[in-house]
1. If I filter region 64-77 for residues that are among the hydroxyl-bearing types (Ser, Thr, Tyr), in a helix (DSSP H, G or I) and either modelled with pLDDT of 90 or more or open to solvent by 50 Å² or more (accessible area, probe 1.4 Å) (or both), do I get at least one hit?
2. Which residue pairs have Cβ atoms closer than 8 Å, lie 6 or more positions apart in sequence or on different chains, and pair a first residue in region 3-22 that is on the phi > 0 side of the Ramachandran plot and charged (D, E, K, R) with a second residue that is open to solvent by 40 Å² or more (accessible area, probe 1.4 Å) and outside any helix (DSSP H, G or I)?
3. Can you find a residue in region 30-53 that is open to solvent by 70 Å² or more (accessible area, probe 1.4 Å), in contact (Cβ under 8 Å) with a residue 40 or more places away in the chain and aromatic (Phe, Trp, Tyr)?
Amino acid sequence: LRLRPADKRRLPGWNQIRYRLQGDQPGEGDERPTLYFSDDCPHVIRTLESLQRDELNREDADTDGEDHPPDAVRYGCMSRPRRRSDPEPKFTGPKAGTMDWLLSEAWKKRKAERSYDVGA
């Protein structure tokens, strides 16, 4: 096991814990969690269950309470962050005549020029 430095930002860390507790692909039938706690982690289980939200920032945890074990889990998750595999958002396309539209048209043209005919 190679040690890696953890990203110490708090909100992405709590999101990593949430994603892992919710499962890999919510809404697609495979909602098994990727983060488990055994009976050998009573302090993590106890403090994570009773963790309160911060009154000023609802996405963060209240640091006045006992939060050291959940912080350790957060650091562990952030040392190997995972992307959530949400379904791709549907692209409706940029509005015609805008800079985004011009760039997307240029991209389509360039992609068409670079496509290769793979035939026998």
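The values are calculated or read from the model by the stated rules, or taken from the named source; none is laboratory data. None of the values given here were measured: they were computed from a predicted structure. When we count neighbours, we look across all protein chains shown, and the Cβ atoms used for this are built from the backbone with ideal geometry, even at glycine. Heavy atoms of the whole protein, side chains included, go into the accessibility calculation; ligands, DNA and RNA do not. Shrake-Rupley method; radii C 1.70, N 1.55, O 1.52, S 1.80 Å.
1. The answer is yes, given that some residue of region 64-77 is among the hydroxyl-bearing types (Ser, Thr, Tyr), in a helix (DSSP H, G or I) and either modelled with pLDDT of 90 or more or open to solvent by 50 Å² or more (accessible area, probe 1.4 Å) (or both).
2. Matching pairs, first to second residue: none at all.
3. No: zero hits.
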